[in-house]
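S.K.: Structure incoming, see below.
The values are calculated or read from the model by the stated rules, or taken from the named source; none is laboratory data. Not measured: the values here are computed from a predicted model. Because the Cβ atoms are built from the backbone with ideal geometry, glycine has one as well, and the counts that use them run over all protein chains shown. Each accessible area value is taken on the protein alone, full model and side chains, heavy atoms only, with ligands, DNA and RNA left out. Shrake-Rupley method; radii C 1.70, N 1.55, O 1.52, S 1.80 Å.
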Amino acid sequence: MAETKKTNALQKPLTPSSELAAVVGSGQLSRGEVVSKIWDYIKKNNLQNPQNKREIVADDKLKPIFHGKDRVSMFEMNKHLAQHLK
């Protein structure tokens, strides 16, 4: 009997919105890959608040993803990312 492999929610390929694709690319990505690419972008562009590393400071590319907010917490960020993945 062949075993069917289930993919978990983090591995399921999803399509990013146009706003999110501007940061992570337009191809299908898993939720885990999206989070990883967002963190690469945040670190490369020095967008963590130095006084509070859990806070992300949004630049022009991240603001539309964060619904216009200037700052979001790491935990809030994942909620916003989920709204940009289908």
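S.K.: Quick one: ALA21 ticks every box in (1) open to solvent by less than 90 Å² (accessible area, probe 1.4 Å); (2) not in a helix (DSSP H, G or I) bar one, so which box is it?
M.R.: Going through the list (1) open to solvent by less than 90 Å² (accessible area, probe 1.4 Å); (2) not in a helix (DSSP H, G or I), ALA21 breaks only (2).
S.K.: Another question about this same structure. Regarding the range 56-63, can at least one residue be identified that is open to solvent by less than 90 Å² (accessible area, probe 1.4 Å) and at pLDDT below 95?
M.R.: no
S.K.: Which of (1) open to solvent by less than 70 Å² (accessible area, probe 1.4 Å); (2) free of Cβ contacts under 8 Å to residues at least 24 places away in the same chain does MET77 not meet, given it meets every other one?
M.R.: (2)
S.K.: Working carefully through the options PHE75, PHE66, find the one that is part of a helix (DSSP H, G or I) and either modelled with pLDDT of 95 or more or within 12 Å of the chain's Cα centre (by Cα) (or both).
M.R.: PHE75
S.K.: Which residue pairs have Cβ atoms closer than 9 Å, lie 6 or more positions apart in sequence or on different chains, and pair a first residue in the range 47-60 that is touching a residue at least 12 places away in the same chain (Cβ under 8 Å) with a second residue that is part of a loop (DSSP other than H, G, I, E, B) and of a type in the set (Val, Ile, Thr)?
M.R.: Listed pairs, sorted by first residue: ALA58/ILE65.
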